[in-house]
1. Would you tally the net charge around K235, using a Cβ to Cβ cut-off of less than 14 Å, leaving K235 out, and scoring K and R as +1, D and E as -1?
2. Within segment 113-148, which residues have the backbone N less than 19 Å from the label spot 7 Å out from V156 along Cα→beta-carbon, could you tell me?
3. Based on Cα coordinates alone, diagonalise the gyration tensor for the chain, multiply each eigenvalue by 5, take square roots, and list the semi-axes in whole Å, largest first.
4. If I take R0 = 60 Å and measure r between the Cβ atoms of A314 and E403 in this structure, what FRET efficiency does the formula 1/(1 + (r/R0)^6) give, to the nearest 0.05?
5. Which cross-chain or sequence-distant (5 or more) residues have an amide H under 5 Å from the amide H of G193, H modelled 1.01 Å from N in plane?
6. Return the whole-Å distance between the Cα centroid of segment 379-398 and the Cα centroid of segment 35-54.
7. Can you tell me the length gained on complete extension of the stretch S305 to N273, counting 0.36 nm per residue apart and subtracting the Cα distance?
8. What's the FRET efficiency of D149 with A226 using the Cβ-Cβ distance as r and R₀ = 41 Å, to the nearest 0.05?
Amino acid sequence: MGRDASAVMRRCEVLGSISDEPDRLTRPFASDAMRRAHEQVGAWMREAGMSQSRDNIGNLRGRYEGAGGATATLLLGSHLDSVRDAGRYDGPLGVLVAIAVVQGLHDRGIRLPYAVEVVAFADEEGLRYGTTYLGSKALAGTFDNADLDRTDAAGVTMAEAIRTFGGDPGRIAGDRWGGGDLLGYVEVHIEQGPVLEVRGVPVGVVSAIAGQSRYQMIFTGEAAHAGTTPMDLRKDALVAASVFVQSVADYADSQAGLVATVGQLAVQPGAANVVPGEVTLSLDIRHADDAVRIESAETLIDLASNIARHRGIALTAAGISENATVSSSPRLTSVLVQAVQDLGHPAVQLASGAGHDAVVMAGLTEIAMLFVRCKGGVSHNPAESVAEADVAVAIEVLDRFLELLAGES
Ligand code: GLV
Ligand code: MN
Ligand code: MN
């Protein structure tokens with residue numbers, strides 16, 4: 001049980017119902033829903049013959065030892081946190097396909113010449129604290145302790161959230177990989193875009209992951225009475241922010257390959273009869289060429305400053321995270337291409353516009369990624385959908401990849 005695609009699909013459904021909100025899937029970092037997801041995924045890891053542990057940041061890790069004398073480890077994984085009102089496959093699919101492949105080894109009594117460790121990362125999306133990749137940063141040894149002081153929407157610091165979840169925020173440095181030689185990190189993930197569907201193939205091999213920058217911007221005007229304050233005497237922070245939101249879309253439209261998004265907007269004080277005094281918004285900017293992304297970020301922040309200045313509004317812009325474009329390992333990618341071809345599929349290679357834990361893991365070891373076709377390219381949406389037959393291909397490809405790697409090591 002657990003190896004076949006139908007079991008993976010069922011498990012995605014089970015995890016899809018483990019949420020902090022009653023009618024939609026929202027599973028933030030270090031949440032109660034994450035605790036319940038860990039109980040379930042931990043049980044599946046043990047069933048697949050893995051020893052299971054959790055580190056301080058809250059990554060769940062399952063280890064399947066190699067044959068006697070094996071010293072190196074191959075890391076597999078993806079994340080268990082979600083966006084708000086998420087689909088069921090972004091993250092969990094990669095974790096569950098990896099567990100399914102290990103289950104297959106366990107069922108057949110196979111030990112590889114290397115250990116396999118499956119990591120279910122704690123936070124890829126950044127929903128709770130705005131910063132992405134908390135789990136992979138801890139494992140790669142690049143976690144920034146300054147992030148521990150960040151607060152969530154309820155005012156809970158990250159340090160407090162980690163403590164409540166059972167970790168020790170003072171010992172995150174100890175989460176860094178310390179298990180000896182690594183062969184690499186391989187992540188299976190839904191594509192989250194339309195390319196594989198258009199090309200008519202079940203899986204694709206990722207060539208690179210586009211860089212991204214995230215900012216938090218605060219427009220500060222003056223809250224005032226909506227009935228008594230004449231239009232020309234207002235300092236309406238939301239009007240300024242709205243002009244900026246439109247400018248972001250217009251600018252991104254005008255630059256080939258650039259995508260820029262304002263996805264969060266918090267209006268204060270937030271009442272029908274009060275002119276908005278303060279708006280906090282998020283800005284997410286991505287481009288496969290780092291130089292274009294960096295220049296675009298500067299241009300957009302200048303634009304925001306100009307819009308704010310003309311309206312007598314103050315502006316602060318703080319960088320929340322920045323990741324350069326990451327290339328996949330040529331060595332691991334060629335093994336993955338071979339595995340796809342061995343199963344009789346064309347090896348389509350594509351770049352990822354979405355961010356993945358593999359971005360951060362590239363700082364620790366070589367990385368490769370396998371994308372699974374998804375319906376209509378829809379993601380970050382409850383309508384996210386993958387076909388069981390495509391999941392079966394992903395399981396077979398990953399299994400073949402492990403076999404080919406065993407032949408090399
Ligand atoms: C993760 O899903 C991201 O690309 O934002
Ligand atoms: Mn996502
Ligand atoms: Mn993801």
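The values are calculated or read from the model by the stated rules, or taken from the named source; none is laboratory data. Model, not experiment: these values are computed from the prediction. Please note: Cβ atoms are built from the backbone with ideal geometry, for glycine as well, and neighbour counts cover all protein chains shown. All accessible areas refer to the heavy atoms of the entire protein, side chains included, with ligands and DNA or RNA removed. Shrake-Rupley method; radii C 1.70, N 1.55, O 1.52, S 1.80 Å.
1. -1
2. The answer is 121-135, 147-148, whose backbone nitrogens lie closer than 19 Å to the label point.
3. Here the semi-axes work out to 40, 23, 19 Å.
4. Calculated transfer efficiency: 0.50.
5. Excluding prolines and chain starts, which carry no amide H, the hits are C374.
6. Using only Cα atoms to place each centre, the spacing works out to 21 Å.
7. 8.8 nm
8. 0.70
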